[in-house]
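The block underneath contains the structure these notes are about, expressed in structure tokens.
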Amino acid sequence: MAVKIRLARAGAKKAPFYRIVAADGRSPRDGRFIEILGRYNPRTDPSTIQLDVEKVDAWLAKGAQMTETAGKLYEIAKNPEATAPEKGAKLSKKAQAKAAEEAEAAVKAAEEAKAAAAEAKAAAEEAAAAPAEEVVEEAADDAAGE
């Protein structure tokens with residue numbers, strides 16, 4: 001008998017939660033199982049994972065095979081600091097292109113603002129230097145005129 005550690009769906013229609021069970025590989029998904037090892041509720045925020053790691057280790061030592069999803073949940077349960085991956089909104093190709101264009105426009109605007117600031121700084125330095133030169137010339141004229 002090939003034992004698998006897998007998820008068995010429970011809960012109402014469109015409101016699932018899962019039991020993590022050790023079951024015969026030939027039994028149906030929601031059918032007969034040998035032992036409940038934990039629970040997983042994806043509908044809470046963040047997802048709730050309750051798993052008896054010692055029982056899972058015991059079943060793995062006996063030769064049970066873990067499904068991919070059950071394996072991911074097991075890794076999260078073993079490491080308490082780890083968090084379940086966040087569900088991100090997937091953007092369409094059009095939305096990705098639009099976001100890229102907006103990012104490029106923002107970069108160009110920042111470069112133009114930086115160039116304008118440099119020009120303003122240069123103009124301010126010239127304006128500050130010009131009155132000083134006029135004062136020096138007036139002082140020279142006054143000295144020559146005396």
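A compact table of results
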item: Subset of region 52-80 (residues that are under 15 Å from residue 23 (Cα atoms) and assigned to a loop (DSSP other than H, G, I, E, B)); result: 62, 63, 64, 67
item: Residues being in a strand (DSSP E or B) and touching a residue at least 60 places away in the same chain (Cβ under 8 Å) - total across region 1-51; result: 5
item: All positions within region 38-69 that are more than 13 Å from residue 3 (Cα to Cα) and of a type in the set (A, V, I, L, M); result: 49, 51, 53
item: Matching residues in region 26-59 - criterion: being over 26 Å from the mean Cα position of the chain (by Cα), of a type in the set (Gly, Ala, Ser) and surrounded by 12 or more Cβ atoms within 10 Å (Cβ to Cβ); result: 27, 38, 58
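Every read-out reported here was derived from the displayed coordinates using simple, explicitly stated rules and does not represent laboratory data. All values reported here derive from a predicted model rather than from experimental measurement. Note that we place each Cβ from the backbone using ideal geometry, even for glycine, and neighbour counts take in every protein chain shown.
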